[in-house]
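The values are calculated or read from the model by the stated rules, or taken from the named source; none is laboratory data. Keep in mind it's a predicted model, so treat the numbers as computed, not measured. We work out accessible area using only protein heavy atoms, side chains counted, and drop any ligands, DNA or RNA first. Shrake-Rupley method; radii C 1.70, N 1.55, O 1.52, S 1.80 Å.
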Amino acid sequence: MRQTIYLFFIGIVAIAIYTSSSVRIELNSLILENAKALASGERSENIRCVSTGSVDCPINHSKVYAVFGGYRFG
């Protein structure tokens, strides 16, 4: 009886280790996709910064009222 419980416990631990290692692989690919998306940026060629305010202008990093322009992803 004790040996059966021991083998059952070893099996549960082995399944838990196998499951957690496969989750890590999926998580790592998700992190890689997010890093690529962040690295590609959101730059547009037609950006205009208007007036003085509290928004950061992506052109010269000054504080402006509004930023106008189209964004492209990728």
Which one is modelled with the lowest pLDDT, of the residues in region 18-32 that are open to solvent by less than 100 Å² (accessible area, probe 1.4 Å) and among the β-branched types (Val, Ile, Thr)? 23
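One line per residue, one yes/no per condition, for (1) of a type in the set (A, V, I, L, M); (2) assigned to a strand (DSSP E or B); (3) within 18 Å of the chain's Cα centre (by Cα); (4) modelled with pLDDT of 85 or more:
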position: 9; (1), (2), (3), (4): no, no, no, yes
position: 13; (1), (2), (3), (4): yes, no, no, yes
position: 34; (1), (2), (3), (4): no, no, yes, no
position: 37; (1), (2), (3), (4): yes, no, yes, no
position: 45; (1), (2), (3), (4): no, no, no, no
position: 50; (1), (2), (3), (4): yes, yes, no, yes
position: 54; (1), (2), (3), (4): no, yes, no, yes
position: 59; (1), (2), (3), (4): yes, no, no, no
position: 70; (1), (2), (3), (4): no, no, no, no
